[in-house]
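Notes follow once the structure below has been shown.
No value in this document is a laboratory result; all are computed from the given coordinates. These figures come from a predicted structure and were not determined experimentally. Here the Cβ positions follow ideal geometry from the backbone for every residue, glycine too, while neighbour counts run over all protein chains shown.
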């Protein structure tokens, strides 16, 4: 992106609404409740012919530095320092407040370009608040309606004027011909062998979602990975509301991590804002490849922990367990043995799932956690050739023949892998609807053991083979 823009202002002036308008998606949570946004959220924005990086921030609230509001404002200040330009949002309908004047003074001291944006300008009686904005001494305000998309052309012109055309429209970089990836199949040199099991790509970016109950230490864990206080943390439960994505490098591999809101039991989620936060967390799980479920090692395996793991597996994601707050555990060996026993007993649907004791506070075990994430993703992407699968299926039937249902024994004829991410298999058989669940579990456990696929969801589907004589028999009738 050519430049970075920070959206700042007091609570409930429409910062997140403008952010969603510019990125073209409903990424940030929007509600009438003041102070919905807490962390700074980046995004890729487009405004007519401008493309830039934009940062949504928390609203200004005067408070002590060690309070939650004070820590939120520290995140906003970090976004202002990072940005090339600030969009100072005021509520034209409500007019100026002392908080607006305080923020204007702070922005003036920064010495960076600032555009005053008078939002909600479509409302009746907003002219007074628009003209009051001239008294801030930050130039002519730009009237817009973030909700209805009015005034976006004027905002584009104001950004170009503030930064200059050379900064707003950097020259495009030419792509060398040698950089174009031309594959042999495109040149007609033959396709790859379908039976070949593709190698795992160690360089592809990896999307990882961090989920768990409130106050399990998810944001602290990500901050430890990044080596900075990128996400808002504290002793209060439920600080995170939006699903915030951050990128970093681990052993030359790009990792995109999603911090999510803590998920409580469904019966306890009553407020609209918390429902929106949980829905955002569920969306992050669906778009992730690997999901790390963070447990509090001091009170592990609560009912909600097990339900979150089951949810992740039903969504087909690769799952890793992280027992956080390991620095608070006294008898490591005894607790670790107890956790291993409970993992095997309480999570039979994820036999062999990788579990790592960590401490987001001290950094203990983070390398082992990342290695477990990579290994689980490798299994999640695994493909097995059809020839190997059919030899395996024949062996399994010899060791444990399919049961007889209604006096007729089931016949499993053919097996192939139809997909990966997660691994999915199709078995051609007689009477697929009669295959008992116990035999399906037998096959799934055999796949885990014989093809080294622990801890990932495995899908096995059955279908009846086509009968070539069925249509002829109907014709004779």
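Taking label positions 7 Å along the Cα-Cβ direction at both residue 341 and residue 251, the computed distance is 3.3 nm, reported to one decimal.
Rounded to the nearest 10 degrees, the angle from helix 152-163 to the longest Cα principal axis of the chain is 70 degrees. Each 5 Å bin from zero holds the following percent of Cα-Cα pairs in segment 61-105: 5, 18, 23, 26, 19, 8, 0.
Anisotropy class assigned to segment 206-380 is rounded, per the alpha carbon gyration tensor with a/c under the 1.5 cut-off. Remark on the chain: hydrodynamic radius 26.0 angstrom, per the Kirkwood mean of 1/r across alpha carbon pairs. Computed on segment 220-262, with alpha-carbon pairs under 8 angstrom and 6+ residues apart, the relative contact order is 34 percent. If you look at the Cα atoms of segment 221-285, you get an Rg and a Dmax of 13.4, 43 Å. Estimated from the Cβ-Cβ distance and a Förster radius of 22 angstrom, the FRET efficiency linking residue 132 and residue 32 is about 0.40.
Please report the antiparallel percentage of DSSP beta bridges with both residues in segment 386-470, rounded to the nearest 5. Counting only bridges with both partners in segment 386-470, antiparallel ones make up about 55 percent. Summed over all non-identical Cα pairs, the Kirkwood treatment of segment 4-168 gives a radius of 15.6 Å.
Compared with the dominant Cα axis of the chain, that is its longest principal axis, helix 386-399 is turned about 50°. Once the Cα-Cα distance is subtracted from the 0.36 nm per residue extended length, the residue 82 to residue 442 segment shows a gain of 124.1 nm.
Remark on segment 386-470: Rg and Dmax equal 12.9, 43 Å (Cα only).
If you line up the long axis of helix 303-314 against the longest principal axis of the chain, both from Cα atoms, how many degrees apart are they, to the nearest 10? Value to nearest ten degrees: 70.
Only helices enter this figure: runs of n ≥ 4 DSSP H residues, each worth -39500 (n - 2.57), summed and divided by the residues of the chain, yield -10500 deg cm²/dmol at 222 nm to the nearest 500. Contact order, relative form, for segment 4-168: 22 percent (alpha carbon pairs under 8 Å, 6 or more residues apart, mean separation divided by residue count). In segment 40-115, Rg over Rh equals 0.98, where Rg is the alpha-carbon radius of gyration and Rh the Kirkwood radius from pairwise Cα distances.
Expected output is a single nm value to one decimal: the length gained when fully extending between residue 124 and residue 166, i.e. 0.36 nm times separation in residues minus the C-alpha distance. What is it?
Working: separation 42, 0.36 × 42 = 15.12 nm, distance 3.81 nm.
Taking 0.36 nm per residue and subtracting the Cα distance, the gain is 11.3 nm.
Using R₀ = 56 Å, calculate the FRET efficiency as 1/(1 + (r/R₀)^6) where r is the Cβ-Cβ separation of residue 25 and residue 386; round to 0.05. Between residue 25 and residue 386 the formula returns 0.90. For a paramagnetic label modelled on residue 140 (point 7 Å from Cα along Cα→Cβ), amide N atoms under 16 Å away belong, within segment 78-121, to 114-118.
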